[in-house]
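Visitor: One structure, pasted below without further comment.
The values are calculated or read from the model by the stated rules, or taken from the named source; none is laboratory data. Bear in mind that the values here come from a model prediction, so they are computed numbers and not experimental data. Here the Cβ positions follow ideal geometry from the backbone for every residue, glycine too, while neighbour counts run over all protein chains shown. Calculation scope for accessible area: heavy atoms of the full protein, side chains included, ligands and nucleic acids excluded. Shrake-Rupley method; radii C 1.70, N 1.55, O 1.52, S 1.80 Å.
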Amino acid sequence: MIRIRARWPRVAVAVGAASTLAVTPVAAPAAYAAVPQPVGVTVGADGRLHLATTGAPTPATGTPFAPPGAGVTITPGPDGTLAVFAIGTHGGLVAARTSAASSGITVLQDGPTGLAPPGGHLDAITTTNGIHVFFTGNDGALHTVTYPRFVTPGAGPRPVTAAGLAPPGAAVAATRQPDNNPGAAFVGVDGALHTVWRTTGGAWATVPAGPPQLAPAGGGVAATGLDTFFTGLDGALWYVRLTAGPLPDPWTAVAVAGAGTVPAGAHLAAAHFPTGPAVVLFAGHDGAIHATTNAGGTWRPPSGTTAPGVARPGAPVAATITGDQLLADWCGNSMWFRLRIPKPRGPHPEPWNATTFPFPSLPTIRAGLNVSAALI
């Protein structure tokens with residue numbers, strides 16, 4: 001995980017040419033003082049971009065950034081910068097970026113309007129080749145744009161698959177191959193998991209990675225490295241290891257958890273410890289945050305890490321790794337929550353030893369809003 005040298009003590013946010021807003025984050029809880037912190041982002045009920053660093057989420061734009069509750073993704077950029085992306089009210093890609101030279105945030109649009117459903121899902125990833133953003137457009141194709149260094153307006157996103165492959169605005173998980181070439185996964189209109197990779201020659205290859213009619217079209221998907229997860233029509237949790245071999249690979253979807261475990265189509269979050277296991281999280285039927293891990297070499301049935309009722313079933317969860325801790329963020333019960341889970345070590349059922357921190361919140365933070373997080 002890249003540690004970001006973002007400057008958040010006081011953030012002056014420029015929206016267009018005239019609107020500015022000063023934001024002062026709340027002091028960190030003592031339990032977090034010694035570890036790198038995540039910055040979580042969401043688009044509030046007022047359409048403004050909100051940030052949650054070590055305390056209550058605060059507005060970061062003075063005017064609407066995207067439709068309320070829009071899909072949102074945050075990723076580190078070069079030189080200690082951050083970039084946040086969403087599909088704006090006009091159906092085009094919008095970005096909010098920090099600057100390494102100042103504490104300001106600049107909001108911009110890249111490319112044409114009308115590309116995707118306003119507020120649709122998207123995901124971004126940073127590799128040694130730059131920042132890569134992925135989303136499914138109104139044409140049903142996967143669209144992408146790459147920023148080699150700084151996020152600046154240009155030609156904008158372009159389709160890299162055939163049209164009609166995915167539902168517009170489908171959930172997308174960005175991932176990378178061992179050679180740092182970017183890729184993405186999503187559940188297509190046929191209910192199968194599809195993966196799209198940029199090859200070393202610069203071309204894009206589309207490969208099915210599961211059988212059809214297995215998952216809700218456009219439903220929840222998450223990826224960490226080459227491990228990809230999605231939820232089945234029957235509420236099973238599925239796992240595919242993308243082996244990055246010659247295409248097409250004989251990838252096989254394996255059920256991590258049986259029918260009824262996960263709300264069908266639920267949002268998923270996945271993270272991998274650099275020297276240890278991966279963890280997958282979701283908001284279960286009971287409103288608790290559930291997790292599963294492959295600590296010990298095999299995937300275990302998910303179990304609760306929080307009390308019931310802290311989240312809407314299937315609602316978005318964001319996950320980051322810092323040292324030997326996993327930090328998860330979500331919006332529930334009109335409040336922003338952050339969960340700390342020590343690195344799993346077994347035995348099963350995992351004694352998660354998790355701690356939940358509810359942050360005082362704003363009326364604009366509502367249960368079930370989309371969230372994303374990165375380290376600072």
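Visitor: Looking at region 128-151 only, could you name the residues that are among the hydroxyl-bearing types (Ser, Thr, Tyr) and within 16 Å of Thr113 (Cα to Cα)?
Guide: Result: Thr136, Thr144.
Visitor: Moving on. Can you tell me how many residues within region 52-66 are in a strand (DSSP E or B) and open to solvent by less than 10 Å² (accessible area, probe 1.4 Å)?
Guide: First, pick out the residues of region 52-66 that are in a strand (DSSP E or B): 52, 58-59.
Next, only the ones that are open to solvent by less than 10 Å² (accessible area, probe 1.4 Å) stay: 52.
Selection size over region 52-66: 1.
Visitor: Among the residues of region 211-251 satisfying the criterion of being open to solvent by less than 40 Å² (accessible area, probe 1.4 Å) and modelled with pLDDT under 80, which is farthest from Ala166 (Cα to Cα)?
Guide: Gly245
Visitor: Oh, and also: Given the conditions (1) without any contact (Cβ under 8 Å) to a residue 12 or more places away in the chain; (2) under 22 Å from Thr231 (Cα atoms), and given that Val187 satisfies all but one, which numbered condition is not satisfied?
Guide: All conditions are met except number (1).
Visitor: Give region 275-297 a look and list any residue that's β-branched (Val, Ile, Thr) and open to solvent by 30 Å² or more (accessible area, probe 1.4 Å), or say none.
Guide: Looking only at region 275-297, we keep the residues that are β-branched (Val, Ile, Thr), and these are 275, 279-280, 289, 292-293.
Once the filter is applied, which keeps residues that are β-branched (Val, Ile, Thr) and open to solvent by 30 Å² or more (accessible area, probe 1.4 Å), region 275-297 yields only Thr275.
Visitor: For Phe65, which of the numbered conditions (1) closer than 19 Å to Arg97 by Cβ; (2) at pLDDT below 90 fails to hold?
Guide: (2)
Visitor: Hey, another quick one. Would you pick out the residues in region 211-229 that are on the phi > 0 side of the Ramachandran plot and in contact with a strand residue (DSSP E or B) (Cβ under 8 Å, 6 or more places away or on another chain)? Don't jump to the end; show me each part of the working.
Guide: Keep residues of region 211-229 that are on the phi > 0 side of the Ramachandran plot, which gives 213, 218, 225.
Listed by number, the residues that qualify are Gly218, Gly225.
Visitor: Among the residues of region 254-274, are any open to solvent by 30 Å² or more (accessible area, probe 1.4 Å), touching a strand residue (DSSP E or B) at 6+ places or on another chain (Cβ under 9 Å), closer than 21 Å to Ile74 by Cα and in a strand (DSSP E or B)?
Guide: Looking only at region 254-274, we keep the residues that are open to solvent by 30 Å² or more (accessible area, probe 1.4 Å), and these are 254-255, 258-261, 264, 267, 272, 274.
Narrowing the set further to residues that are touching a strand residue (DSSP E or B) at 6+ places or on another chain (Cβ under 9 Å) leaves 254-255, 258, 261, 264, 267, 272, 274.
Okay, now just the ones that are also closer than 21 Å to Ile74 by Cα, so 267, 272, 274.
Add one more test, that the residue is in a strand (DSSP E or B), and what stays is 272.
Yes, region 254-274 contains a residue that is open to solvent by 30 Å² or more (accessible area, probe 1.4 Å), touching a strand residue (DSSP E or B) at 6+ places or on another chain (Cβ under 9 Å), closer than 21 Å to Ile74 by Cα and in a strand (DSSP E or B).
Visitor: For a quick check of your reading: which strands (runs of 3 or more DSSP E) sit entirely within region 295-368 and have at least 3 residues that are touching a Ser or Thr at 6+ places or on another chain (Cβ under 6 Å)?
Guide: Working: elements: 318-322, 325-332, 335-342, 355-359.
Those strands (runs of 3 or more DSSP E) span 335-342.
Visitor: On to the next question. Considering region 298-349 alone, what residues qualify as being surrounded by fewer than 23 Cβ atoms within 10 Å (Cβ to Cβ) and charged (D, E, K, R)?
Guide: Arg300, Arg312, Asp324, Arg340, Lys343, Arg345
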